[in-house]
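Undergrad: Supplied in structure tokens, the structure appears directly below.
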Amino acid sequence: MGSDVSTLRSKNYNAVDIAKFIAAFLVMTVHCSPFASYNSEFNLFIISTFSRFAVPFFFACSGFFFFKKLKWQDGKIVNCKENRSVLFKYIKRVTALYVLWSAIYLIWDVFEWHKSGWLSLHAFIDFGIAFVKIGSYYHLWYVISLIYATIFGYLLLSFLNKKAVAVLSVVLYLIGILTYSYNWINILPINILNSTENHLDVFWTSVFRAFPLIFIGYIAGTYKPKRKVKVDAFLFAISLVFLLVEYFLLHSFTDNNEKYSYILFTIPCEFYLFRILINTNVNIKANTGKMLRGMSTFIYCVHPLILGVMGLVYSIDSFNSSLNYLILAVISVGVSYCAVSLSHKKGCRFLAYLY
């Protein structure tokens, strides 16, 4: 996910690299709740608003850098060998990432199953089903959704032009949030949608949430005419205000089980944020940008494992939440830096498949 953009580096995308690195820390806040020891409402606010930008932003980045590599004609993806090769290489790369991290977490799961007395054939069967249908570990749903959503988007854009798909993406996203942040609306059509989602799991997520965010990344990065960054910054600020209002309304007056990752104003926020970053030049060394890209993906993938190991050393729930987060962040950064650095050395290049 972090190393597929080398062919597009004629333009300075360092702001995106830095933002991806920061987004990895935001994902950790969702899983570690750094302010829970002080104020549960403030902690919920942080992890439900700003931290929830992270995964949609990752989707947007992936969509922009993948679809920008393809050849287009009349707003459609050209059906040619070169485009199919780009798709195959990308899916192969992301699938390898998913399979390898799934294998690592399977080892961890076996340890957990043994400790809880659930180590059995049934446990392995459940893991196999989850591998295809849900995600092999709770955070790896993103990677498998990226695989399915990219294939879906490629096929869709081979038949429909970008304008039609842009409209369709909005419709798909609206349906997607009706089964997520707005699933508390108790009417028959939404109840039917909720039931359908429960059966399709990550396939539903890939089409109705992941793909619209992937496509909006491509549109945001290639949308013309270009305008000054400060205009996009102003529009992002307005969108953010509306997103915060939407969060407070959902939190205060509905029972949506704290599902705030995908709400109405997630789309405009991600659109304008990505436009700001894609059009902002930041002067850092090329190797630094490459390092940040690799580390952001590695941190995302490895931090739940580190969090689990931390739980073996001490009781996380009874420890200061901010210190927990700091320990998790420091170890994750250290491990990721070592892994990415070693991946460039002979004999350790296999580590590159982990980011």
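Undergrad: Got a number for residues in segment 307-333 being in contact with a Ser or Thr (Cβ under 9 Å, 6 or more places away or on another chain) and more than 18 Å from Val27 (Cβ to Cβ)?
TA: Here the count works out to 3.
Undergrad: If you don't mind, another one. Among (1) at pLDDT below 95; (2) loosely packed, with under 13 Cβ neighbours inside 10 Å, which single condition is Gly289 missing?
TA: Only one criterion is unmet by Gly289, namely (2).
Undergrad: Return yes when Ile129 is of a type in the set (A, V, I, L, M) and surrounded by 15 or more Cβ atoms within 10 Å (Cβ to Cβ) and no when it is not.
TA: Spelling it out, it is not the case that Ile129 is of a type in the set (A, V, I, L, M) and surrounded by 15 or more Cβ atoms within 10 Å (Cβ to Cβ).
Undergrad: Taking into account only those residues within segment 7-48 that are of a type in the set (Val, Ile, Thr) and more than 15 Å from the chain's Cα centre (by Cα), which is nearest to Asn320 (Cα to Cα)? Walk me through how you get there before you give the answer.
TA: Within segment 7-48, the first condition is being of a type in the set (Val, Ile, Thr), and the residues that meet it are 7, 16, 18, 22, 27, 29-30, 46-47.
From what's left, more than 15 Å from the chain's Cα centre (by Cα): 7, 18, 46.
Values: Thr7: 44, Ile18: 28, Ile46: 17 Å.
In this case the residue turns out to be Ile46.
Undergrad: Mind checking which helices (runs of 4 or more DSSP H) fall wholly inside segment 254-355 and carry at least 2 residues that are within 30 Å of Ile185 (Cβ to Cβ) and among the hydrophobic types (A, V, I, L, M, F, W, C)?
TA: Qualifying helices (runs of 4 or more DSSP H): 266-278.
Undergrad: Evaluate the following for Ile144: is it modelled with pLDDT of 95 or more, over 21 Å from Val309 (Cβ atoms), β-branched (Val, Ile, Thr) and assigned by TED's automatic domain parsing to the domain that holds Ile192? First the steps, then the outcome.
TA: On the way: modelled with pLDDT of 95 or more: yes; over 21 Å from Val309 (Cβ atoms): yes; β-branched (Val, Ile, Thr): yes; assigned by TED's automatic domain parsing to the domain that holds Ile192: yes.
Yes; evaluated as a whole, the condition is true for this residue.
Undergrad: Given the criterion among the basic types (Lys, Arg), out of contact with any Cys (no Cβ under 6 Å at 6 or more places or on another chain) and closer than 24 Å to Phe350 by Cα, identify the matching residue among Lys92, Lys71, Lys81.
TA: After ruling out the rest, the residue left standing is Lys92.
Undergrad: Taking segment 130-189, which residues are among the polar types (S, T, N, Q) and either farther than 30 Å from Cys32 by Cβ or without any contact (Cβ under 8 Å) to a residue 12 or more places away in the chain (or both)?
TA: Within segment 130-189, Ser158, Asn161, Ser169, Asn186 meet the criteria.
Undergrad: Test Leu100 against the stated conditions and say whether it is part of a helix (DSSP H, G or I), in contact (Cβ under 8 Å) with a residue 60 or more places away in the chain and surrounded by 14 or more Cβ atoms within 10 Å (Cβ to Cβ).
TA: yes
Undergrad: Name the helices (runs of 4 or more DSSP H) wholly within segment 165-250 that hold at least 1 residues that are under 27 Å from Ile278 (Cβ atoms)?
TA: By residue number, 202-205, 211-222.
Undergrad: Among the residues of segment 227-241, are any within 18 Å of the chain's Cα centre (by Cα), of a type in the set (D, E, K, R) and crowded, with 19+ Cβ neighbours inside 10 Å?
TA: Scanning segment 227-241, I find no residue that is within 18 Å of the chain's Cα centre (by Cα), of a type in the set (D, E, K, R) and crowded, with 19+ Cβ neighbours inside 10 Å, so the answer is no.
The values are calculated or read from the model by the stated rules, or taken from the named source; none is laboratory data. Bear in mind the structure is a predicted one, so any value in this text is a computation, not a measurement. So basically every Cβ, Gly included, is an ideal-geometry build from the backbone, and we count neighbours across all protein chains shown.
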